[in-house]
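Here's the structure, in structure tokens; my notes come after.
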Amino acid sequence: IEFNMRSVIVSAPDYHTLKIIHTARRLYRSKYLNVSEKQDLSRRFAEGYKLLVLKADSNPPKEWLDLQARIKSYQNELDDLGIRDYQGEMLFI
């Protein structure tokens, strides 16, 4: 049970970081991932984020800050429209 619980947990320092990780994963992924592939990709994004923060020593590269700002802006726009990102794809069909 413990192994299965650990396999679905994605750790992040705070909720906003977790939200960025999930949004980046959804923007990056192909459409057809099963649940375990989605979890694995989210964990990889979270681990990459942790490594970046550790290496940057609280001073991340400008490119990362720009990407993070763009993802936050995208999230805010979706929130303002009252839709989820997967619903946005259907608007253009």
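Report the local net charge at A69: Lys and Arg +1, Asp and Glu -1, summed over other residues whose C-beta lies under 15 Å from its C-beta.
+1
Quick one: ranking L27, L18 by accessible area, 1.4 Å probe, largest first, what do you get?
Per-residue accessible area, sorted high to low, gives L27, L18.
Please give the solvent-accessible surface of T17 in Å², to the nearest 10, using a probe radius of 1.4 Å with every protein chain present.
Approximately 10 Å² for this residue.
To the nearest 10 square angstrom, how much accessible area does R44 have with a 1.4 angstrom probe?
150
Order the following by accessible area, largest value first: I20, I83. Probe radius 1.4 Å; ligands, DNA and RNA are ignored. Let's see the in-between values first.
On the way: I20 10, I83 45 Å².
So the residues, ranked largest to smallest area, are I83, I20.
Sorted by accessible area (1.4 Å probe), largest first, how do S42, S58 line up?
S58, S42
The values are calculated or read from the model by the stated rules, or taken from the named source; none is laboratory data. Because the structure is predicted, anything quoted here is derived from the model rather than measured. Virtual Cβ from ideal backbone geometry, glycine too; neighbours counted across all protein chains shown. Heavy atoms of the whole protein, side chains included, go into the accessibility calculation; ligands, DNA and RNA do not. Shrake-Rupley method; radii C 1.70, N 1.55, O 1.52, S 1.80 Å.
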